[in-house]
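Each reported figure results from applying straightforward, stated rules to the coordinates on display, with no laboratory input. What you are looking at is a predicted structure, and each value in this text was computed from that prediction instead of being measured. We place every Cβ from the backbone using ideal geometry, glycine too, and count neighbours over all the protein chains shown.
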Amino acid sequence: MQDMFDKIIELVKNNSLESKDNHVKFSDPDYRAFPFDKNNFHSIQNSENKSNKIAFVDGGSSEIIKSANFSLSLIRVYYSIFQNNKRTKSGKKEFYAFTNAIDKDNEIFYNTETISKENIIPDKGDLLISSFDETIKQGITRANISNVSNLIRRFSELKTAADIIDNLNENDIIVLDGSLQCTFTNERKYIDSLYGKAIKKGVIVSGLSKTTTLMTDKGNSINNALNKFKAEGKWYYNPVADIKSDQHKADISFVKLHEKAKHIFRFEIYKEQKDKLGEVIPLLSDNAKDPVFIGYPYGLIEADKNARIGNNEKDMLKTFFSVKFGKDWEKIKETLTSIDAHEVLDRIS
């Protein structure tokens with residue numbers, strides 16, 4: 001038995017401590033990774049432009065009612081604008097999205113109707129999508145109808161970001177939660193619109209990811225690879241790669257925004273504005289001092305909190321709609337698949 005444990009310890013140590021990482025690994029030929037280099041670490045200095053505003057944007061979604069052929073979700077987007085680390089403006093917009101399966105050209109498509117009084121809704125024509133669309137399906141099987149809400153939420157975040165540029169000035173900054181890469185069909189329309197409006201007004205577009213799926217050429221995490229350099233204080237690592245993709249017009253960095261932070265985050269800036277990187281990151285660092293999550297911008301903590309739709313709210317909405325349906329609810333409930341075998345087993349456990 002001890003031999004077995006010794007073997008496990010050896011395997012873990014060899015794969016976590018001994019890997020010789022050379023660069024970030026990209027599978028797409030449009031990405032050319034640069035070798036890891038200690039000279040690519042840049043110390044984050046105190047910001048010289050504290051008067052510039054930073055706008056943070058995040059979205060949330062929750063499926064309220066689901067059947068095999070339809071899904072009703074609540075989509076919520078929150079934004080807040082900070083100046084000198086004080087919130088000066090914020091807003092929350094939300095709407096319902098009803099997605100149902102339809103027959104189109106002898107194939108199943110998902111079509112979405114949006115219900116809202118807010119001017120936030122993505123264009124209806126962009127929400128008709130094949131159930132075999134590569135950007136929403138899982139593996140080789142037809143996409144789950146529930147996946148469409150992720151696409152709608154993303155489009156809404158980008159549209160909200162473009163709208164709030166009206167409240168910003170030259171050299172102010174937008175920080176999206178997540179990457180600037182287009183991962184959904186029709187997404188490029190919304191991010192290009194954001195870029196176009198931002199360039200006209202001189203507003204800088206960026207995104208910060210809580211997690212990253214990027215690995216090194218040895219399959220190691222980026223965090224582990226960069227930590228081996230033992231860079232002190234707060235810093236950003238750049239350049240990472242030269243990106244030629246039209247679906248990802250960004251320049252990637254990795255950032256440690258506070259000297260006491262335990263996390264390194266992936267940070268992206270619109271490629272045409274990468275000369276502003278040294279101005280943006282110090283401002284972001286100034287906003288990352290909250291002890292609740294030190295090293296992570298407070299504006300994104302707040303945006304996540306206000307955009308999130310918790311289980312209690314979801315259950316209340318489901319109860320609300322069950323009452324509104326009245327006597328028809330029992331018939332409708334027979335078609336729902338909200339409690340599947342996995343959920344039953346989870347409850348038993």
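Brief remarks follow.
- Based on DSSP H segments of at least four residues, each scored -39500 (n - 2.57), the chain has a per-residue ellipticity at 222 nm of -9000 deg cm²/dmol.
- For the stretch 235-283, the fraction of alpha-carbon pairs lying more than 15 Å apart is 43 percent, rounded to a whole number.
- Entry note: the stretch 110-220 has Rg to Rh equal to 1.02, where both radii use alpha-carbon atoms and Rh is the Kirkwood radius.
- In plain terms, the residue of ILE332, ILE121, ILE174 with the fewest other Cβ atoms within 10 Å comes first and the most crowded comes last, giving ILE332, ILE121, ILE174.
- Residues ASP275, ASP172, sorted so that the one with the fewest Cβ neighbours within 10 Å comes first: ASP275, ASP172
- Here the gap between ILE294 and SER245, fully extended at 0.36 nm per residue and compared with their Cα-Cα distance, gives a gain of 14.3 nm.
- Percentage, to the nearest whole number, of Cα pairs in the stretch 200-349 over 25 Å apart: 51
- Among the listed pairs LYS89/LYS260; LYS117/LYS305; LYS201/LYS314; LYS249/LYS318; LYS38/LYS249, those beyond 31 Å (Cα-Cα): LYS201/LYS314; LYS249/LYS318
- The tail of the calculated P(r) for the stretch 72-140, taken as Cα-Cα distances beyond 18 Å, holds 54 percent of the pairs.
- Paramagnetic reach from PHE70 in the stretch 140-183 [backbone N under 14 Å; point 7 Å along Cα→Cβ]: none
- Among VAL24, VAL280, a tally of other beta-carbon atoms within 10 Å of each Cβ gives an order, fewest to most, of VAL24, VAL280.
- In order along the stretch 79-95, the Karplus-derived 3J(HN,Hα) couplings, from 6.51 cos²θ - 1.76 cosθ + 1.60 at θ = phi - 60°, round to 9, 9, 10, 10, 9, 6, 6, 10, 5, 9, 7, 8, x, 10, 10, 8, 7 Hz, and Gly and Pro are given as x.
- Projected area, mean over directions - the chain, Cα convex hull, nm²: 22.3
- Two-site label geometry, LYS50 and GLN83: point separation in nm, points 7 Å out along Cα→Cβ: 1.5
- Considering only SER149, SER179, SER116, the mean-square fluctuation computed in a Gaussian network model of the chain, springs between alpha carbons under 10 angstrom, is largest for SER116.
- When the GluC sites (Glu not before Pro) in the stretch 6-70 are filtered for DSSP coil states and for at most 13 other beta-carbon atoms within 10 Å of their beta-carbon, the remaining sites are GLU18, GLU48.
- The gain in end-to-end length when the MET4 to LYS197 segment is fully stretched comes to 63.5 nm, 0.36 nm per residue minus the alpha carbon separation.
- Counted residue by residue at 0.36 nm each, then reduced by the alpha carbon distance between them, the extension gain from LYS230 to PHE321 reaches 27.3 nm.
- Spatial separation of Cα centroids for the stretch 54-88 and the stretch 272-300, in angstrom: 21
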